[in-house]
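What follows is a set of notes on a single structure, which appears directly below.
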Amino acid sequence: MVLIDILFPVYLMPLTYICPERLRHRAVRGMIVSAPIRTREREGIIVDYNQGNDERPYSLREITQVHNDKPPMSEAHLKLLQWTGQYYHAEPGLVLRSMLPDIQSLIKTDAPTKAARQTAPATVMVRGASRTGNLTARAIRGESGTKADANLTALPAIEIAPETLTPLRSALEKKAFSVLLLHAPSYVYGIRYMLEALRLTDSAIILSPEIDELTAISGHLSDTSTTGEICLLHSGLPKVKRNNSYRAIVEGAVRFVAGTMSAVLAPLERPSLIVVSEEHSPHYKSDKSPRYHARDVAVMRGLLEDTTVLLISATPSVSSYYNALTGRYQLIRCPIEVPRPSIKLTKTRRPLSYRALRQLRRGTHLVYVNKKGYGIPICSDCGFFQTCPKCSHPPATTHPLVLYNEETNADVRTLLCNRCGYKTNPPEACPVCNGYNFTSTGSGTQRIEEILRQRLNTSAVRIDSDIIKKGRQRTSKALSRTIDANIVVATKMLLKPLHLYKHFKGIVIVGADMYLAMPQYQAMERFFQDVFRLSEMAREVILIQTALPDNPVYTLLQGYNYEGLVLDELRVRRELSYPPFSRMALVSIMCREGSTAKAVDILRAVAESFGCVAFTPTIKGFDIGIQVSLRAKGRVELNHEIQRLQKKLHALGLKDVRLDIDIDPVVPF
């Protein structure tokens, strides 16, 4: 009797089944099979042959069918699945679902479905094009099926230094694992370098952090001389197109795959190159299980498949730069300097200084505010500010409510929690001292918009998630509002250097000191990365408003000295034992709605020895939770701490408790 382990794309470990004699010759690792689960039959993947004892206290069921002639997952892909599940403490079934979202659609049938016949995979035709960067006439089949707007995302012509391509060419010729980190002088230079890299290979996976950037980049992939198609993979694709794209990859119809973080798990057989554009981006970190980081998975995939991995960024993450300085990665420095706007500081505590207002009177400008709403109302007499009753658990965590002007009626204001969406009316009097003097602290996009209307008698265009709702055309709507405006007030939503390259005469950054006050070890790194991206959108000057102009960070920033920041950050992190000199994990222990107060108290007592913080989960069905931040010298020690916490919770025997483990957490800003 032959026993095999089948993995299904559900929240389960592999299950053991009997392989009938008639299917034994086709039941190899990676093949799709059908097998019964409870009362229904589902498709799964053979992940291993079971070598256990045939005598078991329970009866085993047989698989019913083996599909296709070729396994969709190679041996290296199965190893990647196993590593991802073990490293990120995720269920293997959830990792499989990320790799193959719809296994059933990969099964070959004699009569394809109507949707499969009528819908082609989302691809970009790759043909030789002009080297000027302007889009040529071609069909780009994607979300809308329309031709790309060449003027909107025209790529500036930048000459690539030939010596920077030599390490990449040498690595591709060796056909062995290596990781190259390109410290590009600008975002646009990195895109140009990526296009040149694609000329040197016959198959590749290209990762971009956001769908908007991927869409803009895909329009320039025709700049390569490779003939073929590049398959697009991202969450914005319709289900039918996504399934057809995966089928085309499995069948070998395409050799180039471009997508967001999920594309790193695409079943492309042994690509020659894996490119990670903007490798520092926090968008490469998944916010749900499996909580993998696409950049790190790309490096591991390169190791398993003997593939060259190219990381590109104008502001590489401190961890990647450290790996390059210690010899784990090969660092490629670019001798070319690109023109950048000058960075000037103005000392002020006002929302907009007089100097900023004078600058905004001349030319097209962007006011960058990394905060929505109007501000946080604080009592001038006693300092009271209202916190969210659902999210806040003082003294450990407090989430202040932000004042918002209603979009339909500016005279009506509400208090809103930006984390959970809790909404209430602002109090007429302070509940602590009964005072009526409230002042708004902090400057959100709505407050800046109001000041510009009062002081400059102009209507600025505001771009934030309250104005531009989620949808397929989200970026195009924002850009269409931006192009003809004299003054734009925007959040990170408008950080689009490829779409708005040198579009603004100047940029004013409001609330820059917010980065300095953040209790996150990655705050300075994110600050530099945001400013560097803004520098590619301005032609002349960037004015930073700050109350602390003597801070050494601003001296480094004015000289665009990112390497100096990295070295300073490494010194601080070494002293405080933060990554890359340690390993971190964020463990969330969540109780379902209706759990007894005794169970919550027990959990809190267990986690106190690990250093816990109470929080409110955003996952539906859970109403209270405890977060435990773990830090250890290495991966083995960190896993030991996680296992110790798991054993303590298991010994309690509590029901309706969920454990969510986030390895190498990335805190969103």
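The values are calculated or read from the model by the stated rules, or taken from the named source; none is laboratory data. Not measured: the values here are computed from a predicted model. All Cβ positions, even for glycine, are placed from backbone atoms using ideal geometry, and neighbour counts span all protein chains on display. Heavy atoms of the whole protein, side chains included, go into the accessibility calculation; ligands, DNA and RNA do not. Shrake-Rupley method; radii C 1.70, N 1.55, O 1.52, S 1.80 Å.
Here are some notes:
- A probe of 1.4 angstrom, applied to the heavy atoms of all protein chains, finds residue 16 with accessible area near 30 square angstrom.
- Point-charge dipole on Cβ atoms (K/R +1, D/E -1) for the range 485-550, about Cα centre, debye to 20: 340
- Share of alpha-carbon pairs per 10 Å distance bin for the range 153-297, given as whole %: 10, 42, 38, 9, 0
- Centroid-to-centroid, using Cα positions, the range 340-395 and the range 575-592 are 31 Å apart.
- Set of aspartates and glutamates near residue 174 by C-alpha distance (under 12 Å), chain-local residues within fewer than 8 positions excluded: 306
- Under-5 Å amide H pairs with residue 392, H placed in peptide plane, nonlocal only: 399
- Exceeding the 28 Å Cα-Cα cut-off - candidates 79/288; 79/175; 241/496; 347/502; 288/502: 288/502
- Mean shadow area of the range 226-376 over all directions, Cα convex hull, nm²: 15.2
- Its residue count N fixes a reference of 2.2 N^0.38 Å for the range 321-435, and the Cα radius of gyration divided by that reference is 1.64.
- Rg and Dmax [Cα atoms of the range 424-522; Å; Rg one decimal, Dmax integer]: 17.1, 52
- Partners for residue 633 among aspartates and glutamates (Cα-Cα distance below 20 Å; same-chain residues under 8 apart left out): 296, 569, 575, 641, 662, 664
- Stretching the chain fully between residue 640 and residue 62 yields a gain of 204.3 nm (0.36 nm per residue, less the alpha carbon separation).
- Anisotropy class of the range 499-585 from Cα gyration tensor, a/c 1.5 cut: prolate
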